[in-house]
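Working notes for the structure below.
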Amino acid sequence: MASAQRPEDPSLNADDEVRISAPKGMLASEDWWAVWLGGLILLLAIAGTYFSRPADYSDRLAEVETQATQVRELQQQAEIAEASTASESLSQQIDDEKKQLKTLRSKLDANPLQPWLALPRSWSSNPLNAFLRDGKPILAGIVGALAFSTVLFGFGATFLGARFAQFVPAFIVVFLLASLAYVLATQEVVEYYNLEYPLWALLLGLLISNTVRTPTWLHPAVRTEFYIKTGLVLLGAEVLFGRLLSLGLPGVFVSWVVTPVVLIGTYQFGQRVLRMPSRSLNLVISADMSVCGVSAAIATAAACRAKKEELTLAIALSLVFTVVMMVVMPPIIKAVGMSEVLGGAWIGGTIDSTGAVAAAGGMLGPTALTVAATVKMIQNILIGAVAFAVAVYWVAYVERRPGARPDVREIWYRFPKFVLGFVAASILFSMLHASGVAGESMADAVIGSTKTLRAWFFCLGFVSIGLETNFRELSRYLAGGKPLILYVCGQALNLTLTLLMAWLMFEKVFPHAAAALSQ
Amino acid sequence: MRPQLFRNNTWDRRLGLALGAAAITWVWLVALPWLGGRPELREDLRWRAARGINAGAMYYTELEAMPDIAAHLDELHERHAEAFWRVSERSPEPPAERAR
């Protein structure tokens, strides 16, 4: 039988060491190792950024603050002079000063890791161009990411029982497959339709595992959970709570009120009406449809111990519907004469992926692009709260023994520990980002390099899923079409509630916000 | 010694892999570049690139346009803080009126 699955490791969180004593468990469980490695990467990036600050850093910081004050003063003058002829030259001056401020900010902090970490770039007809940026080769960045990941995961895998000498060659092959998946994903037509790298990473893995079978020497590096959980800890640094208020109260209502209602409503519909055979599949589909597609699916699947096939199915559904909605929604919005603000909020709250949201919003106009991308960004931040809530709900209610009361110790034992790293990274970076110009600049510099590693880790995770998955197993989950019905019904609810809430917020309760955004 | 990948596999399995690889090669090196060369798609691609819209972005930190959008919103909040936080009691002037 063409199966490369490891039967002892069926879920995304098959952590059997939950009852190991705390200090030992912290070095013997994949969950904790994801926290240590993710934390180490973040610490290295922070330390590297801090210690490579230029000698005249305080002067540069003062210059940025002076420039920011100057821009603010000019804006105040522009508001006073709004009706006069002077306003046009003033707005040109403001634009110039803003560009200057942007340049000064970009020179404030630089992450020394950044030149050594890169992802394949967009290309049109020659795949070798994926390894060029502005005509210059980025191979050093790809090799750097490979070297960095090999050392980190090799170290972790050795502690988890693998042999370093066996892990390294296997990891290099898995990394090469991930690179190929990335090259497939960055072809410009593929990018145009938002067919993201998880799809191609899965495809390559599935092609191998379902034809010639995954060779056993590759197994030491086929570690889906390890890569995904470490990537999620790094993703935590990008979940900045300060961004939550970017659209004020209307944004909070559209993103943080509708989204949980749709998530819970769809999950309950799946359980009570459709009677989904798997709770975790139900929850992962509900989360990726209501929150933000692939990234939400990854976080929720890891938090609720979903099976790899369930994550694969949820992501495939999300990607297909994202393409359809990205193409169909803008013409419909234009045809009914909806305003850019309302249309943007509707798109941002319903299309799963950030890139597709921006593409669809951009088709309506610049205001719609701003609103759509911001609503999606606020939803992106919801991932942290959703992952934490799902992890608690799962261990406290779904996995508890029948008739037993939720017990705090039991919850702690079973709680997926990587979620703690994810939440801690989010809190730390949210505080750093909100601490002023210096903190914001440092957080941006650090995230600039860690997001590259995070993307590599997720890609490695999806290649591993493909290498472990049997097509026949996958088709079993599609039986009866229930996942498809769940997605369609959930998305219908999402479309209805998001439109209603966006209309209420931007057209009725906060029309001044819509007017300000339309300027 | 032959590598395990080929040692334990039948011809049909190897053929399956070869066909899959050939299909991927043809689609990515022939079909997609041809599709991407169509003028309307090229125009759309240029338009998106000019606005920092990379449709492949999975998370908001990957969207090239996001820093400018965030800066624009910060500015709007400074100038119209009440609009985003206080429930309005009267309708705003339409943008066209204000511009006049």
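The values are calculated or read from the model by the stated rules, or taken from the named source; none is laboratory data. Note that the coordinates shown come from a computational prediction; the quantities given were computed from them, not determined experimentally. Positions of Cβ are backbone-derived with ideal geometry, glycine not excepted, and every protein chain shown enters the neighbour counts. The protein model used for the area step is the full one, side chains on, heavy atoms only, and it has no ligands, DNA or RNA in it. Shrake-Rupley method; radii C 1.70, N 1.55, O 1.52, S 1.80 Å.
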(request) Please state which of the following conditions A:Glu340 fails to meet, knowing it meets all the rest: (1) within 12 Å of chain B (Cβ to nearest Cβ); (2) under 25 Å from A:Leu504 (Cβ atoms); (3) buried (at least 24 other Cβ atoms within 10 Å of the Cβ). (result) (3)
(message) Given the options A:Leu432, A:Leu467, A:Leu478, A:Leu460, name the one that is at pLDDT below 90 and of a type in the set (A, V, I, L, M).
(response) A:Leu478
(request) Name every residue in region A:215-241 that is facing chain B (nearest Cβ under 10 Å) and either crowded, with 24+ Cβ neighbours inside 10 Å or under 20 Å from the mean Cα position of the chain (by Cα) (or both), in order of residue number. (result) A:Leu235, A:Ala237, A:Glu238, A:Val239, A:Leu240
(request) Please state which one of A:Leu453, A:Leu486, A:Leu460 is open to solvent by less than 10 Å² (accessible area, probe 1.4 Å), out of contact with any Pro (no Cβ under 9 Å at 6 or more places or on another chain), within 14 Å of chain B (Cβ to nearest Cβ) and touching a residue at least 12 places away in the same chain (Cβ under 8 Å). (result) A:Leu453
(message) Considering only region A:195-211, I want to know if a residue exists there that is among the acidic types (Asp, Glu), closer than 30 Å to A:Thr370 by Cβ and at pLDDT below 95.
(response) yes
(request) Could you run through region A:125-138 and say how many residues are in contact (Cβ under 8 Å) with a residue 12 or more places away in the chain and open to solvent by 20 Å² or more (accessible area, probe 1.4 Å)? (result) 2
(request) Out of A:Leu486, A:Leu453, report the one residue that is closer than 22 Å to A:Leu43 by Cα and in contact with a Phe, Trp or Tyr (Cβ under 8 Å, 6 or more places away or on another chain). (result) A:Leu453
(request) Mind counting the residues in region A:89-124 that are assigned to a helix (DSSP H, G or I) and open to solvent by 40 Å² or more (accessible area, probe 1.4 Å)? (result) 16
(message) Quick test of your reading of the structure: A:Leu203 fulfils all but one of (1) open to solvent by 50 Å² or more (accessible area, probe 1.4 Å); (2) aliphatic (A, V, I, L, M); (3) away from every other protein chain (no Cβ under 14 Å). Name the failing condition by number.
(response) (3)
(request) Inspect all residues belonging to region A:252-268 and state whether any of them is surrounded by fewer than 24 Cβ atoms within 10 Å (Cβ to Cβ), within 12 Å of another protein chain (Cβ to nearest Cβ) and in contact (Cβ under 8 Å) with a residue 24 or more places away in the chain. (result) yes
(message) Just to be sure before I move on: is B:Pro92 in a helix (DSSP H, G or I) and modelled with pLDDT under 95 in the structure I sent?
(response) no
(message) Looking at the structure I just gave you, is A:Pro402 open to solvent by 50 Å² or more (accessible area, probe 1.4 Å) and within 14 Å of another protein chain (Cβ to nearest Cβ)?
(response) no
